[in-house]
Amino acid sequence: MGSNGIKHVRIDERLIHGQVATMWTNTIKTNRIMIVDDAVVKSDMEKVALKTAVPSGVKLSILTVKGAANNINNGKYEGQQVFLIVKSPHALRGLVDAGVELPQINVGNMSTKAGSRQIKKSVSVTEENLEDFDFLLKKGIKITAQMVPSEDAVEFASLLKNKK
């Protein structure tokens, strides 16, 4: 793992919620949760909700893809244990495109939308999602699907193959 501070990457449409806040933060011993989402940055309501949901003692950063990539690439989080959370693989594709190294990606929750198909309980993907996942897999990033730390991680590529 690079020393850019990123310890764990999760795709979860709900971003920070009870499960994530407690179980994952404890399991990965994070001291900073980073939300990377261009829309959330512009939404005061969502920002307030996220600040309320952060476990005590954990710092919170809410950044655009560009802002996060700049900070990470400039070594701002070196030596920290950053838990990076995004709503969809698209933000991660943007980070990787900007030269950010990701340790691996854990897919938690992606809800059903028009034109999406379910590949696992609580994970539905659209064509755009599939293109983004494909891009990330081709970069050699390991992607697993796992709702909670106690659940076994499933190789994401195999879920995609089964559903083609």
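The values are calculated or read from the model by the stated rules, or taken from the named source; none is laboratory data. Everything numeric in this text was worked out from a predicted model, so none of it was measured. All Cβ positions, even for glycine, are placed from backbone atoms using ideal geometry, and neighbour counts span all protein chains on display. Quick note on the areas: whole protein, heavy atoms, side chains included, nothing else; ligands and nucleic acids left out. Shrake-Rupley method; radii C 1.70, N 1.55, O 1.52, S 1.80 Å.
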field: Accessible area of the chain belonging to carbon and sulfur atoms, whole % at 1.4 Å probe
entry: 50 percent
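Do you know the relative contact order of the chain, to the nearest whole percent, from alpha carbon pairs under 8 angstrom that are 6+ apart?
Values: 292 pairs, mean separation 47.2, N = 164.
So the answer I get is 29 percent.
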field: Gain in span if fully extended, Ala53 to Asn74, counting 0.36 nm per residue against the direct Cα distance
entry: 4.8 nm
message: Only four residue types carry charge here, +1 at the Cβ of Lys and Arg and -1 at the Cβ of Asp and Glu. Report the dipole size of the chain about the Cα centre in Debye, rounded to the nearest 20.
response: 180 debye
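Indicate, rounded to the nearest 5 percent, the antiparallel portion of the DSSP beta bridges found entirely in the chain.
Working: 5 of 27 bridges.
In the chain, approximately 20 percent of DSSP beta bridges are antiparallel ones.
Rounded if a/c is under 1.5, else prolate if a/b is larger than b/c, else oblate: which is the chain, with a ≥ b ≥ c the root eigenvalues of its Cα gyration tensor? Can you show the working numbers first?
Values: a/c = 1.44, a/b = 1.31, b/c = 1.10.
Judged from the Cα gyration tensor, the chain comes out rounded (a/c under 1.5).
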Accessible surface, the stretch 56-106, averaged per residue in Å² (probe 1.4 Å): 45 Å²
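Sequence gap at least 6, Cα distance under 8 Å: using those rules, report the relative contact order of the stretch 74-127 to the nearest whole percent.
Numbers: 34 pairs, mean separation 11.4, N = 54.
21 percent.
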field: Computed [θ] at 222 nm, deg cm²/dmol, the chain (DSSP H ≥ 4; -39,500 (n - 2.57); rounded to nearest 500)
entry: -9000 deg cm²/dmol
message: Using only the alpha-carbon atoms, how far is helix 127-138 inclined from the longest principal axis of the chain? Give it as 0 to 90 degrees, nearest 10.
response: 70 degrees
- request: Note down the nm distance, to one decimal, between modelled labels 7 Å out along Cα→Cβ at Lys161 and at Asn26.
  value: 3.6 nm
- prompt: In square angstrom, what is the accessible area per residue of the stretch 1-46 with a 1.4 angstrom probe?
  reply: 45 Å²
